[in-house]
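Taking it in order: structure first as structure tokens, then the write-up.
The values are calculated or read from the model by the stated rules, or taken from the named source; none is laboratory data. None of the values given here were measured: they were computed from a predicted structure. Positions of Cβ are generated from backbone atoms using ideal geometry, with glycine treated the same way; all protein chains shown enter the neighbour counts. Protein only, heavy atoms only, side chains kept; ligands, DNA and RNA dropped before computing areas. Shrake-Rupley method; radii C 1.70, N 1.55, O 1.52, S 1.80 Å.
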Amino acid sequence: MSVVLRPVAALAVATIACGGDDGGDGPPAPLPVPACAPAETGSPDVAAPVLAYTLADRWHEGWLASPAVVDLDADGTAELVVPRDELLVVWRIVGGAPVEAWRATTGGRIWASPVVADLLPSRPGLEVAVASRDSIFAFDATGAALPGFPFAWRDELRSLAAGDIDGDGALELVAVTTTPLDAGGQRDIVIAVERDGRAVAGFPPNTGGAAGCDDACYVTGGYDQNVGLGDVDGDGRVDIVAAQDNAYVSAHDGTGRAFDAAAIFDGRTKYSGIRMMLDYRLAQQGYADDEAVDLQGHFTNTGPAIADLDGDGTGEIILLGSVQNTAQDQREHGVALWVTRADGTRPDAWIAPPHFADYRAGLWDFGDNLVGATNQVAVADLDPTRPGPELVFAGFDGRIHAVDARAQVMWARDFAQRDTEVTGGVVVADLSGDGVPEIVFATYSASGGRLIVLDAAGNQRHALDLPGRGAMPVPTIGDVDGDGAPEILVSLKDGEDRVRQTLIYKVPGAASNCLVWPTDRGNYRRDGYLPPG
């Protein structure tokens, strides 16, 4: 593919203060046509969530790990996999009440969501993997540790996902650390682990030489759900995208090779050398014209997504990042949404990343174990009349935003009742059976949090108060009790001793016809990937 340097006049940065519906008190925006086949009993009326079950253990608090709802042992009953600090607790709903199935203690907090997948096809059922401080733990469907685990690397592993990165037909586990490995003039934050607990050949990739990095691979730690896995180069194999605590992003194939940067990026041979500046000309130049005013991304808490936005069959890299000036003395410039190809070039519609510049809160941690907001995108078809899937996310402005696959802002909805109320991200599923999905998220703050339901047009349908400080993890939507209707699971921040840690809500009329992006990172591989088609 031939790529040319674009004229400066074509590179204006799109700054959007609000856009679309601003969350005011005007008439509701009309709903789009159904994105999924409606259920037989479907209705446009979305019932209010009703508390149905409470999971209670000891005082252990929640970090950012969303629950999983899956039949681990293939016995027809779903298990509820819920990390709470250093505990992994697995429940079942039996006879209308929660019963603990098994638990495992890892010895360190479980920050990221658990991976649930068929890691060992030779064993019955599915396996569960979690990252706990410097180690990856893996268990079979009964809670027994898998041979070769735990796998210890570097503290702290705050990202974990599964994918077949080497094309051998088996899933590998990929993690990102906050503490880079320094060796041989290179740095590494990505590790990949085979199902038997060995490091994948070529990993860690930069310090081991597989990446082919030069002195312009700018790697540093990632702090929050920073890994995405999916095919971004069209070869049919799973690739690795790792966001990090600077203006650069690492990208590797399954051999560890770092993706090459397009020739338009001056003096940069690898994707991890591309400075993600809002102005595409400056990104190609690699430095600012005026550091006081020129803007760049920062991806400390970015959970990458991968999806085919332009319909060419190959996934694009999607990055929601905070925005700062390049001098890094003005950090609160909101968020922007970057979309790139594997070589760092931007599709025409995404030359100027949509920039939502308003700022209320979320960049900084709040103290008392309340952390800043995760910058992650849910990828879902909200409006079938628009080409490609839509991107839904929270800004630092107290709003949920929806942007289509051509970078057109659809709507924005205010949700924050106070400047310190933030959310870790949204899930998308049809809660009324009409084929039009809803958007569900939990909020948190020192003064409380809520469970909020929006419709596909951004209209608020319901908002329920949550106990204590609310919930930092993204909710999960799944059928916990086998009645065919999905429930909403909310893992609370606070761990009231033997009272409540996880709340499960029924939504009367809900059906399982349209679970589009029903949990953190989109699925239980936690890869942030929406495959083409």
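Listing for the model above:
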quantity: Which numbered condition Gln328 misses (of (1) open to solvent by 10 Å² or more (accessible area, probe 1.4 Å); (2) more than 29 Å from Gln460 (Cβ to Cβ); (3) touching a Phe, Trp or Tyr at 6+ places or on another chain (Cβ under 7 Å)); calculated: (3)
quantity: Region 255-282 residues that are farther than 24 Å from Asn325 by Cα and modelled with pLDDT of 95 or more, paired with ones that are among the β-branched types (Val, Ile, Thr) and outside any loop (DSSP other than H, G, I, E, B) (beta carbon under 8 Å, 6 or more apart); calculated: none
quantity: Top-ranked residue of region 436-464 - restricted to ones that are over 21 Å from the mean Cα position of the chain (by Cα) and part of a loop (DSSP other than H, G, I, E, B), ranked as farthest from Phe366 (Cα to Cα); calculated: Val436
quantity: Residue satisfying all of: in region 38-56; under 27 Å from the mean Cα position of the chain (by Cα) and buried (at least 19 other Cβ atoms within 10 Å of the Cβ); farthest from Arg84 (Cα to Cα) among these; calculated: Val46
quantity: Test: residue in region 365-372 that is surrounded by fewer than 23 Cβ atoms within 10 Å (Cβ to Cβ), free of Cβ contacts under 8 Å to residues at least 40 places away in the same chain, touching a strand residue (DSSP E or B) at 6+ places or on another chain (Cβ under 7 Å) and at negative phi; calculated: no
quantity: Test: residue in region 40-51 that is of a type in the set (Gly, Ala, Ser), within 15 Å of Val480 (Cβ to Cβ) and assigned to a loop (DSSP other than H, G, I, E, B); calculated: no
quantity: Residue in region 163-178 that is of a type in the set (Ser, Thr, Tyr), outside any loop (DSSP other than H, G, I, E, B), surrounded by fewer than 21 Cβ atoms within 10 Å (Cβ to Cβ) and modelled with pLDDT of 95 or more present; calculated: no
quantity: So Trp338, is it out of contact with any Gly (no Cβ under 9 Å at 6 or more places or on another chain), at pLDDT 95 or above and not aliphatic (A, V, I, L, M); calculated: no
quantity: Test: residue in region 263-270 that is of a type in the set (D, E, K, R), open to solvent by less than 30 Å² (accessible area, probe 1.4 Å) and under 30 Å from Asp381 (Cα atoms); calculated: no
quantity: Check on Arg386, more than 30 Å from Gly468 (Cα to Cα) and not in a strand (DSSP E or B); calculated: yes
quantity: Failed criterion for Ser159 (all others in (1) among the hydroxyl-bearing types (Ser, Thr, Tyr); (2) assigned to a loop (DSSP other than H, G, I, E, B); (3) touching a residue at least 60 places away in the same chain (Cβ under 8 Å) hold); calculated: (2)
quantity: Members of region 238-258 found to be crowded, with 24+ Cβ neighbours inside 10 Å and hydrophobic (A, V, I, L, M, F, W, C), listed by number; calculated: Val238, Ile240, Val241, Ala242, Ala243, Val249, Ala251, Ala258
quantity: Residue in region 192-204 that is modelled with pLDDT of 95 or more, touching a Gly at 6+ places or on another chain (Cβ under 7 Å), part of a loop (DSSP other than H, G, I, E, B) and surrounded by 19 or more Cβ atoms within 10 Å (Cβ to Cβ) present; calculated: yes
quantity: Failed item, numbered, when Leu451 is tested on (1) in contact with a His (Cβ under 9 Å, 6 or more places away or on another chain); (2) surrounded by fewer than 18 Cβ atoms within 10 Å (Cβ to Cβ); calculated: (2)
quantity: Pair list, Cβ under 8 Å, 6 or more apart: region 52-75 residue under 23 Å from Asp365 (Cα atoms) and polar (S, T, N, Q), other residue assigned to a loop (DSSP other than H, G, I, E, B) and at pLDDT 95 or above; calculated: Ser66/Ser113; Ser66/Pro473; Ser66/Val474; Ser66/Pro475; Ser66/Thr519
quantity: Near pairs, Cβ below 7 angstrom, 6+ apart or cross-chain, from region 405-419 (open to solvent by 20 Å² or more (accessible area, probe 1.4 Å)) to any residue that is of a type in the set (S, T, N, Q); calculated: Arg413/Gln460; Arg418/Ser445; Arg418/Ser447
quantity: Test for Ala35: is it open to solvent by less than 80 Å² (accessible area, probe 1.4 Å), more than 25 Å from Ile110 (Cβ to Cβ), modelled with pLDDT of 70 or more and touching a strand residue (DSSP E or B) at 6+ places or on another chain (Cβ under 8 Å); calculated: yes
quantity: Some residue of region 428-435 being part of a strand (DSSP E or B), at pLDDT 95 or above, of a type in the set (Asp, Glu) and open to solvent by less than 10 Å² (accessible area, probe 1.4 Å); calculated: no
quantity: Top-ranked residue in region 465-505 [being in a strand (DSSP E or B) and open to solvent by 40 Å² or more (accessible area, probe 1.4 Å); ranked as nearest to Val70 (Cα to Cα)]; calculated: Arg500
quantity: Close pairs from region 283-306: first within 24 Å of Glu156 (Cβ to Cβ), partner basic (Lys, Arg) and open to solvent by less than 30 Å² (accessible area, probe 1.4 Å), Cβ under 8 Å, at least 6 apart; calculated: Gly303/Arg521
quantity: Within region 111-135, considering residues that are among the small types (Gly, Ala, Ser) and under 21 Å from the mean Cα position of the chain (by Cα), the one nearest to Leu370 (Cα to Cα); calculated: Ala112
quantity: Residue within region 117-128 that is farther than 29 Å from Pro531 by Cβ, out of contact with any strand residue (DSSP E or B) (no Cβ under 7 Å at 6 or more places or on another chain), open to solvent by 10 Å² or more (accessible area, probe 1.4 Å) and not β-branched (Val, Ile, Thr) present; calculated: no
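Residue-by-condition table, conditions (1) aromatic (Phe, Trp, Tyr); (2) out of contact with any Gly (no Cβ under 6 Å at 6 or more places or on another chain); (3) closer than 30 Å to Ala199 by Cβ:
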| residue | (1), (2), (3) |
| --- | --- |
| Asp235 | no, yes, yes |
| Asp239 | no, yes, yes |
| Phe259 | yes, yes, yes |
| Asp289 | no, yes, no |
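Yes or no, residue by residue, for (1) within 30 Å of Met472 (Cα to Cα); (2) at pLDDT 95 or above; (3) among the hydrophobic types (A, V, I, L, M, F, W, C); (4) in a loop (DSSP other than H, G, I, E, B):
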{"residue": "Thr220", "(1), (2), (3), (4)": "yes, yes, no, yes"}
{"residue": "Gly228", "(1), (2), (3), (4)": "yes, yes, no, no"}
{"residue": "Arg237", "(1), (2), (3), (4)": "no, yes, no, yes"}
{"residue": "Asp245", "(1), (2), (3), (4)": "yes, yes, no, yes"}
